[in-house]
Amino acid sequence: MSGELGVRFTDDATIHEINVRHLSHDYPTDVISFPYSDQPPRLEGELVASVDTALENAVEAGWAAGNELLLYVIHGVLHIAGMDDATPSQRREMRVAEQAVLNQLGIGGNSTTDRSRHGGLAR
């Protein structure tokens, strides 16, 4: 697969504004993805991830904030690639896919724990 992905790391205030403007959700979140194309073999989109939320959630999860941010990027890319997590079965599939990528990167941890606030990864 090939394509282009834009990634922006920001703070809670900015991701809150983006969430309101684009999704009509009046709260900060961990990651927001904007798919432009998921037509194989091309993948295009952008994602925005909150460093503030990653710092907070990493402590709770017991791992580095960089790993938490990486999880947000993985989650956003999976959304851009067409995965959803609206139902319990979709959430399970998403968690398995996240963990598989983390494992491929040699990063331990457990992405199956829904630990984000306001429905981000937990949705």
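The figures follow:
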read-out	value
Average Cα contact separation per residue, the chain, under 8 Å, 6 or more apart, as relative contact order %	25 percent
Globularity ratio of the stretch 27-74, using Cα Rg and 2.2 N^0.38 Å	1.34
Candidates Thr53, Thr14, Thr29, ranked by Gaussian network fluctuation over the chain, Cα under 10 Å, top entry	Thr14
Mean residue ellipticity (222 nm) of the chain, computed from DSSP H runs ≥ 4 via -39,500 (n - 2.57), nearest 500	-14500 deg cm²/dmol
Distant-in-sequence amide H partners of Thr29 (H built 1.01 Å from N, under 5 Å)	His16
Neighbour-count ranking [beta-carbon atoms within 10 angstrom, fewest first] of His16, His25	His25, His16
Potential extension, Val7-Tyr36 segment - 0.36 nm per residue separation minus Cα distance	9.1 nm
Listed candidates [x] 13.6, 37; [y] 17.3, 50; [z] 28.7, 99 - label of the one calculated as Rg and Dmax of the Cα atoms in Å	[x]
Gained length - Glu46 relative to Glu93, 0.36 nm times residue gap less alpha-carbon distance	14.7 nm
Mean Kyte hydropathy of 1.0 or more with a Cα span along the axis of at least 20 Å, helices from DSSP in the chain	65-80
Theoretical FRET efficiency, 1/(1+(r/R0)^6), r = Cβ-Cβ of Val59 and Ser24, R0 30 Å, to 0.05	0.50
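Only the coordinates and a few stated rules stand behind these numbers; no lab work does. Since the model is a prediction, treat every value here as computed from it, not as a measurement. A quick note on method: Cβ atoms are made from the backbone with ideal geometry, for glycine too, and the neighbour counts reach across all protein chains shown.
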